[in-house]
Amino acid sequence: MTEATVKATFDIYRFDPGHDRAPRYQRYTLDLPPHTPVLTALLKIRAEVDPSLALRYSCRSAICGSCAMQVNSKSRLACETQIGPELARDGRIVIEPMRNQAVLRDLVVEQEPFWRNYDRIRPHLILDPRHPMPEGRENPMTTEEVEQFKETPRCIACAACFSACPAVEADPAFPGPMALAKLYRFVVDPRDQGHQDRLMRIQPDGLWLCLRCHLCTEACPKDVRPSERIRDLKEMAVAVQGGTEHGSKHAVGFKDNIRDRGVLNEMKLVRQTSGLVGVLEQLPQGLHIVRKKREILRAPHRIEGMDEVEKIYEALDRPEEKP
Amino acid sequence: MKLAYYPGCVAQASGKELDMATRWVCRSLGIELAEFPKFSCCGSGFSDEANEVLTVALNVRNLALAEAAGLDLLTVCSTCTGMLSLANLRYQDPKVKERVDSALAPLGIHYRGTVKVKHLLRVLTEDVGVAQVRARVVRPLEGLKVGAFYGCHLLRPADELNWESAEEPHAFEDLLSAVGATPVYYRGRVMCCGFPIQFVKPDTASRIAAHQIDDAKAHGADAMATPCPLCHISLDAYQNQAEKVAGHALDMPVFHLPQVVGLALGASPEELGLGRHLVPTAPALSKVGSGARAGR
């Protein structure tokens, strides 16, 4: 019995920067069973239709992280994405390379910036001399200690998060979600002595550029949840250093701001985050906005029940309570 | 239908037009808004970066206030929606719950976890229903092409918020169609507005805002509309900064969600506070086929 097939139309991004003036989309139409993985289809196209198609892949089992690409505009591992649902929804399958990385050829992108950001977080144990490596043995961890890593060890460095990240897109200084998720893994490792130093080094022009938009968490094929671990890193950085960067000043300032009236005092927050110099820098924009929104000059009302809010702060915002 | 109205800080201050439009639309559709002068700020995704447990506790207090009145919560901000929803979720973690309860129990606050946090977009599309909204339209926004801009915390993390698809949401576009406008689909509609780092690195924030506005424009949008007042700050009040970074004019009117609905339901531009925007909305209103008068 032959397997039922569907007519699958692929529009594949083709570009050779050395020869082509501009990228183009090339159409291939094949009859394939609906459960065919996108990667299998691409390899069939390369083997039987067009040997010039360039793509990166290895294990075909969603372990190596090589075949991440955009399938109908979404970051996916080609090896674990079946063509059926894509065709049912969009009628065709548009295949494009990852974003935020230069195209070397067709679906193959330059990974150097991705790995350079990984190197930036020093992705290796800096052994704590108080926990020396036992002679001739591995350095074991307890189950509770391993649980501290949360989902981060699942990362296969496929760069789907890097491709999806709007901060990476807008600012090359941002290390990207994968590097920061890996940083989290080392910061919570009890065998590592880099804890404070790692948190301090990553703050200037790094950690606080995360937009907490959660696009990385949505893109990740392994549910590593980088945005949530980056949030944890921010809270740990505040615990180690307080509000020293614009980002941490804003977080601490915001938290303290609510304690005054229960709601946000917008003008005061600018002072708390940016200081007097910052207020002066923001003045022209403030005047621009105040033309239509005079409320920003007024302090807001105090909410009712501020005594409760104050007691909650007293109970949970003592310095020794922080993680 | 009666809901506990959680306006959030911005709609009570610089984004007052959002509060005006929300009240107009809810009155028009028979949604009763219960006022809670004891509600505190949700933390906006900033205060939890300094102290998460404190932020969860403050939001559980908010949720408990609604629970005591037997009401679900109505939000009009993507970020408020995200923060209050996450408080509901984090409170289920026994370690978090223990610390939160240690602060709330002495105040006599005991939250059972029954309150649903619903953004106005969800209430209009699910509880009121798209068909009911369509039936109430007196001035269809025909000819107006609108790019919906969702705001991150209304959609993500999708497995925690448990509502729309994070990659291909359609509630907002359904609503735009119901009021006679033409929804514009573009990649930026589910992206970030840049707001969270406006005070960390302004040029990067503005570059991100410019990306999304340019994207909406390239796909033919006459205007954008957002369910989030923080996105509105980034896209409207700081659009001049985005223009500087982008190096070209953007001229993109940005509506709050209830303003678009209100216009179609017969509200005047004044009642919806359209004159309070930094980017004039008149050019967009002039695209509407019949009857709609321009705001200033």
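Miscellaneous remarks
- Hey, A:Glu218 in a helix (DSSP H, G or I), within 8 Å of chain B (Cβ to nearest Cβ) and in contact with a strand residue (DSSP E or B) (Cβ under 9 Å, 6 or more places away or on another chain) or not: yes
- The helices (runs of 4 or more DSSP H) found entirely in the stretch B:66-135 that carry 1 or more residues being touching a strand residue (DSSP E or B) at 6+ places or on another chain (Cβ under 9 Å) are B:78-90.
- Selection of the stretch B:214-229 for residues being more than 15 Å from A:Ala170 (Cα to Cα) and either polar (S, T, N, Q) or outside any loop (DSSP other than H, G, I, E, B) (or both) yields B:Ala216, B:Lys217, B:Ala218, B:Ala223, B:Met224, B:Ala225, B:Thr226, B:Pro229.
- Scanning the stretch B:22-35 turns up at least one residue that is on the phi < 0 side of the Ramachandran plot and within 12 Å of chain A (Cβ to nearest Cβ).
- Residues that are assigned to a loop (DSSP other than H, G, I, E, B) and facing chain A (nearest Cβ under 9 Å), drawn from the stretch B:3-21: B:Gln12, B:Ala13, B:Ser14, B:Gly15
- Here the condition is being assigned to a loop (DSSP other than H, G, I, E, B) and not hydroxyl-bearing (Ser, Thr, Tyr); of B:His232, B:His211, B:His248, it holds for B:His248 alone.
- The stretch A:218-233 residues that are at positive phi, paired with ones that are outside any helix (DSSP H, G or I) and modelled with pLDDT of 95 or more (beta carbon under 6 Å, 6 or more apart): A:Asp223/A:Glu151; A:Arg225/A:Glu151
- Taking the stretch A:289-323 as the range and being assigned to a helix (DSSP H, G or I) and at pLDDT 95 or above as the test, the residues that pass are A:Met306, A:Asp307, A:Glu308, A:Val309, A:Glu310, A:Lys311, A:Ile312, A:Tyr313, A:Glu314, A:Ala315, A:Leu316.
- Among residues of the stretch A:77-105, those that are out of contact with any helix residue (DSSP H, G or I) (no Cβ under 6 Å at 6 or more places or on another chain), in a loop (DSSP other than H, G, I, E, B) and surrounded by fewer than 23 Cβ atoms within 10 Å (Cβ to Cβ), counted: 4
The rows are residues; the columns are (1) within 14 Å of chain A (Cβ to nearest Cβ); (2) among the small types (Gly, Ala, Ser).
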position: B:Leu155; (1), (2): yes, no
position: B:Glu168; (1), (2): yes, no
position: B:Ser177; (1), (2): no, yes
position: B:Val184; (1), (2): no, no
position: B:Gly188; (1), (2): yes, yes
position: B:Ile197; (1), (2): yes, no
position: B:Gln212; (1), (2): yes, no
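- Selected residue [crowded, with 19+ Cβ neighbours inside 10 Å, at the interface with chain B (Cβ under 8 Å from one of its Cβ atoms) and of a type in the set (Lys, Arg)] from A:Lys249, A:Lys293: A:Lys293
- Here is the figure for the stretch B:72-96: residues that are within 13 Å of chain A (Cβ to nearest Cβ) and surrounded by fewer than 17 Cβ atoms within 10 Å (Cβ to Cβ) total 3.
- Summed over the stretch A:153-181, residues that are more than 12 Å from the chain's Cα centre (by Cα) and in a helix (DSSP H, G or I) total 3.
Yes or no, residue by residue, for (1) outside any loop (DSSP other than H, G, I, E, B); (2) surrounded by fewer than 22 Cβ atoms within 10 Å (Cβ to Cβ):
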site: B:Tyr150; (1), (2): no, no
site: B:Asp159; (1), (2): yes, yes
site: B:Glu164; (1), (2): no, yes
site: B:Glu167; (1), (2): no, yes
site: B:Pro183; (1), (2): yes, yes
site: B:Phe199; (1), (2): no, no
site: B:Asp203; (1), (2): yes, yes
site: B:Ser206; (1), (2): yes, no
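- Test: residue in the stretch A:255-271 that is touching a residue at least 40 places away in the same chain (Cβ under 8 Å), more than 8 Å from chain B (Cβ to nearest Cβ), surrounded by fewer than 22 Cβ atoms within 10 Å (Cβ to Cβ) and not in a helix (DSSP H, G or I): no
The values are calculated or read from the model by the stated rules, or taken from the named source; none is laboratory data. Everything numeric here is computed off the predicted structure, so don't read it as measured data. Counting neighbours? That spans all protein chains shown, and the Cβs are built from the backbone with ideal geometry, glycine included.
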